[in-house]
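Some notes on the structure that comes next.
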């Protein structure tokens, strides 16, 4: 099938980035959220980011105008039933995602493909709660979406070949690279990345190094563009903890046990950049380590 219209559920950090790249690639995008303010903020951010691309010569003003005109918003989830491909990018909680698909299902066209941008939740389990497990798969973008080149495509046990190929064609049209992953906890990227971040938190928790020394060591000693604690703040400590819990529960191995300090930061509401405090305090002109 040829995908022309794309529905994006969730206008947050991931959802607005997905809408951005889809519209830029020529797809008609319908973006939804439960908050009108979130939709307004998302469109404004997309406009700002595209304006920045124009300034850098990566996009012409004509292309930007055409892309922005391809983005529409709605507060009514059923409106997305008329799209060819739905990408769910809501909160990383399975019950929330299941409720969204349940509410959307009666309004879907027979050929519509359902996907989730989940970073760790079982695709097979999500698909089993819908009427189209063969047309359901994981479509996991990296953050920030307009910048990162990789997309993980995750097949559930029932996902058919046509669905995988249709989603791969979309990734190709975006100019990104797809990595095919099997449906196991954390998939590929987070199966490797999150335990590294968790170990960095343990290194801090045990007093082996400070926030600054840990991040500096990985940036200069392993050539990472961001230190693991800085990256955790960027991702969101609540998201990191949620993924570690999925790994720990799904693989039943103590090496995936979330560090108590990570749990403590989340309990305090210190979730990273989005709350202005995490392993760094972002309320001043320069981020300052909180430990």
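Side notes on the structure shown:
- For the chain, relative contact order (Cα pairs under 8 Å, six or more residues apart, normalised by length) works out to 13 percent.
- Residues of the range 224-256 with an amide N closer than 16 Å to a point placed 7 Å from the Cα of residue 143 along the Cα-to-Cβ direction: 226-246.
- Residue 47 versus residue 76: modelled label distance in nm, points set 7 Å from Cα along the beta carbon direction: 2.5 nm
- Residue order for 167, 240, 259, fewest other beta carbons within 10 angstrom first, comes to 259, 167, 240.
- The share of C-alpha pairs in the range 1-155 whose separation exceeds 20 Å stands at 45 percent.
- Per-residue extension of 0.36 nm, minus the Cα-Cα distance of residue 179 and residue 111, leaves a gain of 22.1 nm for this segment.
- Comparing 140, 224, 20 in a Gaussian network model of the chain, where Cα atoms under 10 Å apart are tied by springs, the biggest mean-square fluctuation is seen for 224.
- Rg of the Cα atoms in the chain, relative to 2.2 N^0.38 Å, amounts to 1.02.
- Rg/Rg_ref, the range 123-190, where Rg_ref = 2.2 N^0.38 Å and atoms are Cα: 1.08
- Using the Cβ-Cβ distance between residue 169 and residue 28 with R0 = 22 Å, the FRET efficiency computed as 1/(1 + (r/R0)^6) comes to roughly 0.85.
- Prolate/oblate/rounded label for the range 199-291 (Cα gyration tensor, a/c 1.5): oblate
- Over the range 113-213, relative contact order from alpha-carbon pairs under 8 Å, at least 6 apart, %: 25 percent
- Each residue, residue 213 and residue 255, gets one label point 7 Å from its Cα in the Cβ direction; the gap between the two is 2.6 nm.
- Cα→Cβ-extended label distance, 7 Å offset, between residue 288 and residue 199, nm: 3.2 nm
No lab work stands behind these numbers, since they all come straight from the coordinates. As the structure is a computational prediction, the values presented were derived from the model and not from experiment. Every residue, glycine as well, gets a Cβ built from its backbone with ideal geometry; the counts of neighbours run over all protein chains shown.
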